[in-house]
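The values are calculated or read from the model by the stated rules, or taken from the named source; none is laboratory data. Computed from a prediction, not measured in an experiment: that's the story for all the values here. Here the Cβ is made from the backbone with ideal geometry for all residues, glycine too, and neighbour counts use every protein chain on show. Heads up: the accessible areas ignore ligands, DNA and RNA and are worked out on the full protein's heavy atoms, side chains in. Shrake-Rupley method; radii C 1.70, N 1.55, O 1.52, S 1.80 Å.
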Amino acid sequence: MKKAILYIVLLSLFTNCQKKEETELVRVKNQYTLAIPKSMSKVDYLHTDASLQYQNANTDFYTIVIDEPSDDFNTLVLQEADLRATYSPDLKGYALLLKNNISNTLKKGAFSAFEETSINGLPALLMNASGEVDGFIIYYQFGFVKGKETYYQIVNWTDLKRKKDHQKTMADIISSFKELGKPKKKQS
């Protein structure tokens, strides 16, 4: 009987630890939404090009989204012979360029292979990375998404020691991404 009670108590503790954190749906520029944990706060200093920036400094957890017109990247690749030799003018080329840029900033960087997927009907590539930045060992989860006219980078990061604490929430944030349709013009 004592074993059964102990088992129930342990199962209850484990289940409580695995509860999904409460989120809020954040709408950005009437362009996309993302489900962000309520424990995170909006900030404006994590990345100058980010359209969304949230953090929980207490738990060392950060999320940003950068969006860029896909035609800008595609045209640049097609016009520049150096880029065209390495990158394709599509989501894979975009993600590979960003991965290569990130690898230049990470010391002792380790990268997963790209995982092809779909996020709310949009083509996406997922990647994890870890490495040293300014003396800190960081763990990242990336989602690269191809919207109708835009490439999106969804970037989550934390101290590598907190990877297990945030890994599931990071994946949930990325998978919650949804591009919004452009509002239809009213007909007279």
*Could you pull out the pairs from Lys38/Lys108; Lys99/Lys161; Lys42/Lys161; Lys29/Lys108; Lys107/Lys178 whose alpha carbons sit more than 28 Å apart here?*
Lys38/Lys108; Lys29/Lys108; Lys107/Lys178
_Could you give each residue of region 45-54 its phi-based ³J(HN,Hα) in whole Hz, using Karplus coefficients 6.51, -1.76, 1.60 with θ = phi - 60°, and x for Gly or Pro?_
10, 7, 7, 5, 9, 6, 8, 9, 9, 9
*Which residues' amide hydrogens lie under 5 Å from the amide hydrogen of Thr158, considering only partners 5 or more residues apart or on another chain, with H built in the peptide plane?*
Tyr139
*asked:* Could you compute the longest span of the chain free of trypsin sites (Lys or Arg not before Pro) located in DSSP loops and having at most 12 other Cβ atoms within 10 Å, not counting the site residues?
replied: 39-147
*Within region 20-38, find all residues whose amide N lies under 19 Å from a label point positioned 7 Å from the Cα of Glu149 along Cα-to-beta-carbon.*
28-33
_region 35-188 - percent of accessible surface contributed by carbon and sulfur, probe 1.4 Å_ = 49 percent
*Can you work out the accessible area per residue across region 75-158, with the rest of the protein chains kept in place, probe 1.4 Å, in square angstrom?*
51 Å²
*Quote the relative contact order of the chain in percent (integer), defining contacts as alpha-carbon pairs under 8 Å separated by 6+ residues.*
21 percent
*What accessible surface, in Å², does a 1.4 Å probe find on Glu115, ignoring ligands, DNA and RNA and rounding to the nearest 10?*
100 Å²
